[in-house]
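Working notes for the structure below.
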Amino acid sequence: MRMWRQVLLRYLCLSAALLIALAFCYTNLGAAGQALPTGDRIQASPGSATAPPQGKAVNSPSQDRTVYFNNFEGTVGSEWNITTTDVTPVGNRRFLGQFGNDTVTLSLNNLPAHRAVTVSFDLFILKSWDGNNNDTGPDIWRLGAGGQFFLNTTFSNVGYDQAYPGGYPGGSFPSYTGAQEIDTLGYTYYGDSVYLLRFTIPHTANNLALQLSASGLQEIKDESWGLDNVLVTVDSLAASPCGLDLLLLQ
Ligand SMILES: [Ca+2]
Ligand SMILES: [Ca+2]
């Protein structure tokens, strides 16, 4: 009888602990474990993309692990399918680009075990992007992976409405809405804007191929785009509170 009580007590304790752990994990990891609707994003603070040493993995206070960073001031590796770089007329900022109606792919392999990936970068919108305008646009920009788009929107530097920070079609906001910088890069043909984009997406595979693309643009001398300070992090399974339920089940 005593043994039965011990078994029953142990069972009850384990069940209670497991329920608490599961509730904790659901509450804290729900955002990372659910697909973001198209167009949803987390706007990062300007300082959140602070550059770690290029090519080195570091742990942030949130226990996320940096798996990739490039500010394009140095070499660009084969992880990018297009390695063209350019320098801004003002500020001498080297970036990946300029691109037109291109699909640019970042391929990362051998990622550590994870459940979510966060990608952030500066998106340079250069020259005369027309936003939602149907005569000279729409000028569309997309971010996706695995056939799913996390952002499908338009940008405008010329006064027409743009879809960002909403999605296209549907979004309609004044030019530059959500921009971190306006006319800071020195492009004289209708100027430029910079958007700091940050997305967390559910992802578990050890390979990741992010696709960034534009369509509907006129010539590169007229409308183009580029990337800078690309940062990719994964959540850390080892540091996750959900490790608790695994321990309890052992
Ligand atoms: Ca740069
Ligand atoms: Ca256009």
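The values are calculated or read from the model by the stated rules, or taken from the named source; none is laboratory data. What you see is a predicted model; the values in this text were computed from it and never measured. Using ideal geometry, Cβ is built from the backbone for each residue, glycine included, and neighbour counts are taken over all protein chains shown.
Below are the figures for this structure:
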read-out	value
Single residue of N92, N157, N133 found to be within 16 Å of ligand 1 (Cβ to nearest atom), farther than 30 Å from N207 by Cα and not aromatic (F, W, Y)	N92
Selection from the range 67-86 of residues that are loosely packed, with under 13 Cβ neighbours inside 10 Å and either under 17 Å from V232 (Cα atoms) or not hydroxyl-bearing (S, T, Y) (or both)	G74, G77, S78
Residue in the range 88-98 that is among the β-branched types (V, I, T) and away from ligand 2 (no atom under 16 Å from the Cβ) present	yes
Search result, residues across the range 76-123 that are of a type in the set (D, E, K, R) and closer than 26 Å to D139 by Cα	D86, R93, R94, D102, D122
Elements of type strands (runs of 3 or more DSSP E) contained in the range 187-240, each with 2 or more residues being of a type in the set (D, E, K, R) and not assigned by TED's automatic domain parsing to the domain that holds P138	none
Enumeration of residues in the range 113-155 that are within 9 Å of ligand 2 (Cβ to nearest atom) and part of a strand (DSSP E or B)	D130
Whichever residue in the range 178-214 is within 16 Å of F150 (Cβ to Cβ) and within 16 Å of ligand 2 (Cβ to nearest atom) and, among such residues, is nearest to the chain's Cα centre (by Cα)	S213
Which listed residue, of F155, F173, is assigned by TED's automatic domain parsing to the domain that holds T204, under 26 Å from K221 (Cβ atoms) and of a type in the set (F, W, Y)	F155
The range 67-93, residues that are more than 20 Å from the chain's Cα centre (by Cα) and not in a loop (DSSP other than H, G, I, E, B)	T85, D86, V87
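Residues are listed down the side, and each one gets a yes or a no for (1) charged (D, E, K, R); (2) touching a residue at least 60 places away in the same chain (Cβ under 8 Å):
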| position | (1), (2) |
| --- | --- |
| V67 | no, yes |
| G77 | no, no |
| T83 | no, no |
| D86 | yes, yes |
| L106 | no, yes |
| L111 | no, yes |
